[in-house]
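**Student:** Dropping a structure here in structure tokens format, bear with me for questions.
The values are calculated or read from the model by the stated rules, or taken from the named source; none is laboratory data. This structure is a prediction, so every number in the text was calculated from the model and none was measured. Reconstructed Cβ throughout: ideal geometry from the backbone, glycine too, with neighbour counts over all protein chains shown. Heads up: the accessible areas ignore ligands, DNA and RNA and are worked out on the full protein's heavy atoms, side chains in. Shrake-Rupley method; radii C 1.70, N 1.55, O 1.52, S 1.80 Å.
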Amino acid sequence: MLASQLRGSGSGHRQVGPGLGSRVTALMLAMFASMASFYVAGRLWQDAQTRVYLINELDRRTGQAHTSISVDDTLKVVACRHQHKRLAALQMELAHANHQGYLGQYSSHTNATRNGKRFLAVIGIMTGFGRKNYRDAVRKSWLPSGATLKKLEQEKGILVRFVIGRSANKGDNYDRAIDDENRKTNDFLILENHVEGSEERPMKTKRFFGHASDTFDAEFYARINDDIYINVDALGGMLSAHWDKPRVYIGCMKSGEVFSESSHKWYEPDWWKFGDGKTYFRHASGEMVVISRALAQFISINRLLLRTYAHDDVSIGSWMIGLDVKHVNEGKLCCSSWSPGAVCSAL
């Protein structure tokens, strides 16, 4: 019996031993986990403090510890978005005052600019090689030369120039002939970056408007053909009626058919872009087109983005689409038919 009790007592001790060991192990693991947690938390806190210190130190050394710069930049962006609206409003107020007579007639003194004066209009006469007879006809009929040409610019505020590019073989007889003619008459605007060619007229027109607005400060810019007669006084009177329109596009407005046959005189390679009806949008006839200063500046700024079509009058009309432009159908600029008070007519 005693032996059996001893065996029972021994077996009881063997059963309790493993349970106690498990509890000790769990307790040690818990303590280890707690210590590890404290250690990790401490390191994270130290890293966070280090990052804060480094950021503050960087801001201190670069002078950008505050966010005022980004706020100012934001305000500048907002101001730029509304700048053109304020400028347009001021132009309208000035034009209205001028129209009402508060600023008087055109004067190189009252219209002073960085170049000394602002012209009423800059007129570009599109010409080309081999058309000297047409230029001479213009000079004999309405465009003066020498001191009288300067008087036209100073008293009436109208600057007129024949517009031409350069030969594909720069410096050849064509270029030398134009340079010789210009030395005698001093009435050319030579586009050095343009190569003359009948198919390049739309590009030439775009470059003229861009160059003219960059070079001469004027209220209006006009483009005409070299076989057109201009009544300068009538032109000045007509333009004075549109000073209150900062973005105005003036001409003998038309639309017309788009021709898709390559053999046709007025063939349009991009005819498919004008819809199934094959009809041009409203645009001013190419005989004479007038645009305001703001539109000429728009063409100058965007000259690399504005596309051209086969004809320069259609191209100008396409540049006006999508803008807040006042289209003026001015019968006085229908040069093909002379009428009382007309500004232009065919020579």
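**Student:** I'd like the full set of residues that are in a helix (DSSP H, G or I), open to solvent by 10 Å² or more (accessible area, probe 1.4 Å) and closer than 19 Å to MET288 by Cβ, limited to the range 133-145.
**Tutor:** Selection gives TYR134, ALA137, ARG139, SER141.
**Student:** Right, something else. With (1) modelled with pLDDT under 95; (2) surrounded by 15 or more Cβ atoms within 10 Å (Cβ to Cβ); (3) over 23 Å from the mean Cα position of the chain (by Cα) as the list, and ILE224 as the residue in question, which single condition is left unmet?
**Tutor:** Among (1) modelled with pLDDT under 95; (2) surrounded by 15 or more Cβ atoms within 10 Å (Cβ to Cβ); (3) over 23 Å from the mean Cα position of the chain (by Cα), ILE224 violates only (1).
**Student:** Moving on to the next point. Tell me yes or no: at least one residue of the range 313-322 is within 26 Å of GLY236 (Cα to Cα) and either over 23 Å from the mean Cα position of the chain (by Cα) or open to solvent by 60 Å² or more (accessible area, probe 1.4 Å) (or both).
**Tutor:** no
**Student:** Related question: Exactly one condition in (1) out of contact with any strand residue (DSSP E or B) (no Cβ under 8 Å at 6 or more places or on another chain); (2) touching a residue at least 12 places away in the same chain (Cβ under 8 Å); (3) closer than 25 Å to THR127 by Cα is not met by MET253; state its number.
**Tutor:** (1)
**Student:** A further question follows. Residues in the range 266-278: is at least one among the acidic types (Asp, Glu) and touching a helix residue (DSSP H, G or I) at 6+ places or on another chain (Cβ under 9 Å)?
**Tutor:** For the range 266-278, residues among the acidic types (Asp, Glu) and touching a helix residue (DSSP H, G or I) at 6+ places or on another chain (Cβ under 9 Å): present.
**Student:** Also, quick follow-up: Can you name the residue in the range 204-251 that is of a type in the set (Ser, Thr, Tyr) and assigned to a strand (DSSP E or B) and is also farthest from ASN329 (Cα to Cα) among such residues?
**Tutor:** Result: TYR229.
**Student:** If you don't mind, another one. How many residues does the range 191-206 contain that are closer than 22 Å to LEU304 by Cβ, open to solvent by 10 Å² or more (accessible area, probe 1.4 Å) and polar (S, T, N, Q)?
**Tutor:** Count: 1.
**Student:** Quickly run through the range 146-177 and pick out the residues that are over 29 Å from the mean Cα position of the chain (by Cα), surrounded by 14 or more Cβ atoms within 10 Å (Cβ to Cβ) and either in a loop (DSSP other than H, G, I, E, B) or of a type in the set (Lys, Arg) (or both).
**Tutor:** LYS156, the sole residue that qualifies.
**Student:** Further, regarding this structure: Within the range 285-295, can one find any residue that is open to solvent by 50 Å² or more (accessible area, probe 1.4 Å) and either part of a helix (DSSP H, G or I) or modelled with pLDDT of 85 or more (or both)?
**Tutor:** No, the range 285-295 contains no residue that is open to solvent by 50 Å² or more (accessible area, probe 1.4 Å) and either part of a helix (DSSP H, G or I) or modelled with pLDDT of 85 or more (or both).
**Student:** Out of PHE259, PHE209, PHE188, I need the residue that is among the aromatic types (Phe, Trp, Tyr) and open to solvent by less than 10 Å² (accessible area, probe 1.4 Å). Which one?
**Tutor:** PHE209
**Student:** For the range 296-309, enumerate the residues that are in contact (Cβ under 8 Å) with a residue 24 or more places away in the chain and either open to solvent by 20 Å² or more (accessible area, probe 1.4 Å) or touching a His at 6+ places or on another chain (Cβ under 6 Å) (or both).
**Tutor:** GLN297, PHE298, ARG303, LEU306, THR308, TYR309
**Student:** Can you find even one residue in the range 321-333 that is touching a residue at least 40 places away in the same chain (Cβ under 8 Å), under 16 Å from HIS242 (Cα atoms), assigned to a loop (DSSP other than H, G, I, E, B) and among the charged types (D, E, K, R)?
**Tutor:** Yes, that holds for at least one residue.
**Student:** For the range 178-191, which positions are part of a helix (DSSP H, G or I), touching a helix residue (DSSP H, G or I) at 6+ places or on another chain (Cβ under 8 Å) and closer than 13 Å to GLY128 by Cβ?
**Tutor:** Within the range 178-191, just GLU181 meets the criteria.
**Student:** Next up: Being farther than 19 Å from ARG207 by Cα, open to solvent by 30 Å² or more (accessible area, probe 1.4 Å) and touching a helix residue (DSSP H, G or I) at 6+ places or on another chain (Cβ under 8 Å) is the requirement here; does HIS327 meet it?
**Tutor:** Criteria met by HIS327.
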